[in-house]
Structures are given as C-alpha cells and as structure tokens.
Amino acid sequence: MPVPSIIAIDGPAASGKSTLGFRLAEALGYLYFDTGLMYRAVTWLALNRGIDVYDESAVTRLAEDVPIEVTAPSREDGRACDVVVDGHDITWEIRKPEVDANVSVVSAYPGVRQALTIQQRRIGMRGRVVMVGRDIGTVVLPEADLKIYLDASPEERAQRRHREILGRGGQASYQDVLEQVRDRDRIDSTRAVAPLKPAADAVILDSDSLDADQVFERVYALCKG
Ligand code: DC
C-alpha cells in the first residue's frame, strides 16, 4: 500500500489528537493542520469584538468574512504554527479559558461550519497533510486515505488536561476540568451538523491504555503499511 497522502485524525477533546497529528506530520514531512484552532479563532474574534456568541448570524458573518491566517511558527515557544487574525497574533489567546468555555457554542453553528469546512477542504485536498479535528473523516475529507479516531475515557482526558493547565502555571480543580470535558463531549457529539463520531472506515484507537509513543507507533505502522 502506498503511504497515505491525506490523513484524518478525529476524536474528543484531550484525546491526544494534536500530539499524534503533529508527530506524524513531522515523521512523514507533511503539513500538520489543526482545524480546532479555526473554531477557536472565530470564538476569540466574537469575544474580542464584543459580539454575543449566541448571536448566530453575527458570529457566522465573522467566520465568512474575516480571514484566519495560519502560518509556520515564527517563535520557538511550543507553538505548532502562528494564528493571526485582524493583525493580532492570537496563537496563545485562543487557548484561554474564555475561548474554551464558548467554542462549543460557536462550532455548533451550521454557517460557521460551512465557512470553515470550505477552507479546510481546500487545504486538505492538496495532499501530504495530517488534518486533525472532529469531523475530518466524516465531513471535511471523506476521501482521506487513512482515518484515525482517537478515543479515551473522560476521566483520563480530564487528568491530562488538568496536568497541562497546572504545567502552564494555571489553576483549576480536577473535578471542574472533568465537568468541562463532559460538557464539551455532550455538545460536540449531539449537535445537528457534523457531530463528533467515528467515520465508518476509521481505525479506532483507545488511548487509555496506550501512551503517546505507543499511539504514534501504531499509527505510523499503519502509514508504512
Ligand atoms: O480540538 P479543540 O479543543 O481545539 O477544538 C475546539 C472546539 O472546536 C471543540 O469544541 C470542537 C470544535 N471543533 C469542531 O467542531 N470541528 C473540528 N473539526 C474541530 C474542532
């Protein structure tokens, strides 16, 4: 089997998709593209411009009209890329709790999804890409050569997120993080458009019992056939 050119990685929040996607892209010399950052950028824009995130038409207009620039990293501060909107470098801003708390609402709007899906498809169809998200194998790139659905229990994912927050010097209780993970799962998997679910032809991996190296090795072996 030839090495897959279009690789889709989907799964719930904190399942390890980004770590896997980034390493895989690096190993194959492919573009790594995290679609979650686009939903985060639209959410940040709405908050920054004082637009109510529940105003669906105003938020949809933002997604349609404001370009989100995603380019190679300009700094070595742990970023996988630069995200620039309205002239602001928002790479780290979009990881803040205000964005976390509102992004599921924004990403459930059909018009927002349509606008971002068009851009994601354009990037993905060029090939030699590892695209990471919730609906890549089902909606954005159903023709992907390899589809991975990376799962893990809410407790395991909350533990990882909690460690990450503390590691960055932030504060949060494990219970609060677990509640947020469950909340986001519920919204992401029950929305009407492009809900989170594995594609029928996805390889499903459960990372509860696998560490990041083991997940990578399994998927890399699938790529090398
Ligand atoms: O992967 P993440 O946590 O950065 O994603 C942020 C939000 O965007 C999350 O609530 C799910 C949503 N999202 C989506 O609906 N579709 C995608 N392809 C990627 C992310």
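Taking the conditions exactly as written (crowded, with 20+ Cβ neighbours inside 10 Å, under 18 Å from Ala192 (Cα atoms), touching a residue at least 12 places away in the same chain (Cβ under 8 Å) and within 14 Å of the ligand (Cβ to nearest atom)), does Gly124 satisfy them or not? Outline the logic, then answer.
Numbers: crowded, with 20+ Cβ neighbours inside 10 Å: yes; under 18 Å from Ala192 (Cα atoms): no; touching a residue at least 12 places away in the same chain (Cβ under 8 Å): yes; within 14 Å of the ligand (Cβ to nearest atom): yes.
So Gly124 fails the test.
Which condition number does Arg184 fail, the rest of (1) among the basic types (Lys, Arg); (2) modelled with pLDDT under 90; (3) away from the ligand (no atom under 16 Å from the Cβ) being met?
Failing condition for Arg184: (3).
Could you tell me which of the residues Ile204, Ile136 is surrounded by fewer than 20 Cβ atoms within 10 Å (Cβ to Cβ), touching a strand residue (DSSP E or B) at 6+ places or on another chain (Cβ under 8 Å) and modelled with pLDDT of 90 or more?
Ile204 is the lone residue from the list that is surrounded by fewer than 20 Cβ atoms within 10 Å (Cβ to Cβ), touching a strand residue (DSSP E or B) at 6+ places or on another chain (Cβ under 8 Å) and modelled with pLDDT of 90 or more.
For the subset of region 27-59 comprising residues that are polar (S, T, N, Q) and either more than 25 Å from Pro195 (Cα to Cα) or under 19 Å from the mean Cα position of the chain (by Cα) (or both), which member is farthest from the ligand (Cβ to nearest atom)?
Checking each candidate, the answer is Asn48.
When region 60-76 is examined, which residues are found to be touching a residue at least 12 places away in the same chain (Cβ under 8 Å), acidic (Asp, Glu) and under 25 Å from Arg23 (Cβ atoms)?
Glu69
Select, from Pro4, Pro12, the only residue that is out of contact with any Gly (no Cβ under 6 Å at 6 or more places or on another chain), under 21 Å from Gln120 (Cβ atoms) and more than 13 Å from the ligand (Cβ to nearest atom).
Pro4
I need the helices (runs of 4 or more DSSP H) fully contained in region 1-102, keeping only those with at least 3 residues that are within 17 Å of Val219 (Cα to Cα).
17-28
The values are calculated or read from the model by the stated rules, or taken from the named source; none is laboratory data. Since the structure is predicted, the reported quantities are computational estimates derived from the model, not experimental observations. Note: ideal-geometry Cβ built from the backbone for every residue, glycine included; neighbour counts use all protein chains shown.
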